[in-house]
């Protein structure tokens with residue numbers, strides 16, 4: 001009976017979390033936010049990312065500085081919903097879970113600021129436009145096999161797979177050139193290429209895209225996929 005009660009309590013708690021936390025695409029996110037007069041909009045990226053471009057009226061509370069994040073969010077009004085976003089969705093997902101656990105009703109922007117930029121055609125930072133489309137065309141044709149990794153220093157899964165990519169380039173039997181493209185520096189390019197989440201791996205053979213993968217990946221799966229295109 002006690003175990004049954006615990007299972008029921010866990011079910012109720014999980015249901016409350018699901019109700020309190022909602023993931024929305026860019027269109028629905030904007031519409032829901034605009035309908036809420038007292039909504040609290042939070043950008044959980046770093047200060048540099050925020051200064052380079054953000055959604056109007058968003059408050060910058062850096063998720064990477066967890067102590068400051070927790071201290072600042074304590075001052076938010078739990079009676080009003082919280083709308084949260086980061087660059088592509090990784091950090092905001094964790095922030096949304098933390099805010100939900102604190103008792104907030106949370107709406108998360110699926111695909112992050114990248115998806116918002118594509119919806120609203122928001123220009124990226126002018127101080128560093130990064131690579132152009134022509135630059136990217138040159139990159140993917142620089143060698144017979146080119147593996148492009150769209151990445152970022154703050155992205156946990158990106159850093160986890162980087163050692164695997166280093167091994168790939170060192171493996172002469174594969175004959176693959178690995179190119180790393182930073183998501184923060186190359187926002188315009190990612191927008192043009194519709195790269196909405198990272199890590200994103202794209203393999204080009206003689207300039208043609210032959211493999212496209214988003215997310216973390218283990219070494220064996222990566223190696224097997226790459227060997228198919230030698």
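Taking 0.36 nm per residue of separation and subtracting the Cα-Cα distance, full extension of the segment from residue 153 to residue 25 would add 43.6 nm. With N the number of residues in the stretch 134-215, Rg(Cα) / (2.2 N^0.38 Å) evaluates to 1.03.
Once C-alpha pairs closer than 8 Å and six or more residues apart are averaged by separation and normalised to the residue number of the chain, the relative contact order reads 18 percent. Counting beta carbons within 10 Å around each of 211, 154 and listing the fewest first gives the order 211, 154. Highest average first, the peptides 192-205, 77-90 ordered by how many other beta carbon atoms sit within 10 Å of their residues are 77-90, 192-205. Pairs of Cα atoms nearer than 8 Å and 6+ residues apart set the relative contact order; for the stretch 107-230 it is 32 percent. Here the relative contact order of the stretch 18-120, from alpha carbon pairs under 8 Å that lie six or more residues apart, stands at 37 percent.
If R0 is taken as 45 Å, the Cβ-Cβ distance between residue 205 and residue 79 corresponds to a FRET efficiency of 0.20.
Our helix-only sum for the chain, with -39,500 (n - 2.57) per DSSP H run of n ≥ 4 divided by its residues, gives a mean residue ellipticity at 222 nm of -13000 deg cm²/dmol.
Considering all alpha-carbon pairs of the stretch 18-120, what whole percent are spaced by more than 22 angstrom? Considering the stretch 18-120, 18 percent of its Cα-Cα pairs are separated by more than 22 Å. Taking 0.36 nm per residue of separation and subtracting the Cα-Cα distance, full extension of the segment from residue 214 to residue 119 would add 32.1 nm.
If you take the beta carbon distance between residue 133 and residue 166 as r and set R0 to 30 Å, what does 1/(1 + (r/R0)^6) give as a FRET efficiency, to the nearest 0.05? For R0 = 30 Å, the calculated efficiency reads 0.65.
Mean projection of the Cα convex hull over all viewing directions, computed for the stretch 36-76: 3.0 nm². Approximating the spin labels as points 7 Å out from Cα along Cα→Cβ, the residue 35-to-residue 225 distance works out to 3.7 nm. Using every pair of separate Cα atoms, the Kirkwood estimate puts the hydrodynamic radius of the stretch 80-230 at 16.6 angstrom.
Just so you know, all these numbers are worked out from the coordinates, no wet-lab data involved. Keep in mind the model is a prediction, meaning the values are calculated, not measured. Neighbour counts are summed over all protein chains in view; Cβ atoms, including those assigned to glycine, are modelled from backbone coordinates with ideal geometry.
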